[in-house]
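**Student:** Quick one: the structure is below, questions incoming.
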Amino acid sequence: MAKYRCDCRSILDHGNWLHLHSLEYQLPQRLSRWLPELLGPANRQFQILDGGCGTGLCTAALKPWASGLTGVDISSAMLAKASAKNLYDQLHEAELTDFVKHRPTAFDLAVYADTLCYFGDLQEILQATFAALRSGGIALFTLEASSSASKADFTLHPTGRYSHAECYVAKTMTDCGYSQLVIRHDSTRKEVGTPVPGLMVSALKP
C-alpha cells in the first residue's frame with residue numbers, strides 16, 4: 001500500500017508555508033461549505049474519524065459536529081502538530097486501513113480529506129470504513145479525478161498521488177454496500193497554477 005509522500009500536509013510538517021500557499025489549498029474551506037448541507041446544523045452530535053489527519057488542517061471544519069473527534073495518521077511528526085491544536089479527543093499513530101478494520105460501528109462520520117489519493121485500489125479501505133460506520137453513518141472523502149481520456153480505474157502520478165475514475169469510485173462504493181452516493185467535481189488545490197480536477201464523494205451506510 002502506498003504511504004504518504006507528497007501530501008500537502010507534509011509540506012506543513014516541513015514548515016514550507018509559502019509552498020502550501022502557492023497550491024491555493026482550499027479543502028478546509030470546501031468542507032466548511034459542504035458539511036452543513038450534508039449533516040445539517042452543527043450540535044457536536046457525531047463521533048467523527050479524521051482519517052489521514054496529518055497536522056489537523058481540517059479539524060476546525062469538523063469540530064462543530066463532533067461529540068468525539070478521532071484523528072489517525074502514520075506520521076508521528078504530523079500528529080505532534082495536530083495534538084498542539086488541542087481539538088482532537090483522540091490521536092492514533094497507525095496505518096489507516098488497519099486502524100479502521102479494528103473499529104467496528106465506532107463512527108457516525110468518516111472523513112478522508114486529501115488522503116485516499118495515496119491509495120490506488122479503494123476497495124479495502126472503503127469496505128473497512130463501511131464496517132466502522134454505524135447505521136446511517138456517512139463516508140466523506142476527496143480524490144483527484146482521472147482524465148476523461150483515461151481507461152484505467154486509477155493512475156499513479158510522479159507526485160506519488162493517484163487519480164481515480166468516477167465510474168470506478170461509484171462501482172466500488174456500490175459494491176461495498178453504500179447508498180445515497182453523491183460525487184461532486186471540484187478542485188481543492190493547484191499545481192503550477194492550474195487547478196487539479198478533483199472529486200468530493202459522500203455516501204451513506206444504510
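**Student:** Probe 1.4 Å, all protein chains in place: accessible area of LYS101 in Å², nearest 10?
**Tutor:** 110 Å²
**Student:** Using the beta-carbon distance between ALA77 and GLN26 and R0 = 30 Å, what value does 1/(1 + (r/R0)^6) give for FRET efficiency, to the nearest 0.05?
**Tutor:** Numbers: r = 24 Å, r/R0 = 0.80.
For ALA77 and GLN26, the calculated efficiency is 0.80.
**Student:** What ranking of ASP121, ASP73, ASP108 comes out by heavy-atom accessible area, probe 1.4 Å, highest first?
**Tutor:** Values: ASP121 95, ASP73 0, ASP108 40 Å².
Correct descending sequence by accessible area is ASP121, ASP108, ASP73.
**Student:** Using Cα pairs under 8 angstrom and six or more residues apart, how large is the relative contact order of the range 122-169, in percent? Show your work: numbers first, answer last.
**Tutor:** Values: 37 pairs, mean separation 14.5, N = 48.
Computed over the range 122-169, the figure is 30 percent.
**Student:** Now, a different point. Just to make sure I understand: if all protein chains stay in place, what is the order of ARG184, ARG44 by accessible area at 1.4 Å, largest first?
**Tutor:** Numbers: ARG184 90, ARG44 130 Å².
Result, largest first: ARG44, ARG184.
**Student:** What order do LYS81, LYS205, LYS151 take when sorted by accessible area (1.4 Å probe), most exposed first?
**Tutor:** Numbers: LYS81 90, LYS205 30, LYS151 195 Å².
Accessible-area ranking of LYS81, LYS205, LYS151, largest first: LYS151, LYS81, LYS205.
**Student:** Roughly how much of GLU37 is accessible, in Å² to the nearest 10, using a 1.4 Å probe?
**Tutor:** Around 120 Å² of this residue is reachable by solvent.
**Student:** Excluding ligands, DNA and RNA, what is the solvent-accessible area per residue of the range 111-179 at a probe of 1.4 Å, expressed in Å²?
**Tutor:** Averaged over the residues of the range 111-179, the accessible area is 38 Å².
**Student:** Write down, largest first, the equivalent ellipsoid semi-axes of the range 90-206 in whole Å, where each equals the square root of 5 times an eigenvalue of the alpha-carbon gyration tensor. Spell out each step's value before the answer.
**Tutor:** Details: eigenvalues 117, 50, 33 Å².
So the three semi-axes of the range 90-206 are 24, 16, 13 Å.
**Student:** On to the next question. Run the quick spin-label model on GLN123 and LYS171: label points 7 Å from Cα toward the beta carbon, then report their separation in nm to one decimal.
**Tutor:** 1.1 nm
**Student:** Which part of the range 117-138 falls in the paramagnetic zone of ALA152, meaning amide N under 12 Å from the point 7 Å along Cα-to-beta-carbon?
**Tutor:** Within reach of a label on ALA152: 120-121.
**Student:** To continue, here is another question. On the full set of protein chains, 1.4 Å probe, figure out the accessible area of CYS167 and give it in Å² to the nearest 10.
**Tutor:** 100 Å²
The values are calculated or read from the model by the stated rules, or taken from the named source; none is laboratory data. Since the structure is predicted, the reported quantities are computational estimates derived from the model, not experimental observations. For neighbour counting, all protein chains shown are included, and Cβ atoms are generated from backbone atoms with ideal geometry for every residue, glycine included. These accessible areas exclude ligands, DNA and RNA; they are computed on the full protein's heavy atoms, side chains included. Shrake-Rupley method; radii C 1.70, N 1.55, O 1.52, S 1.80 Å.
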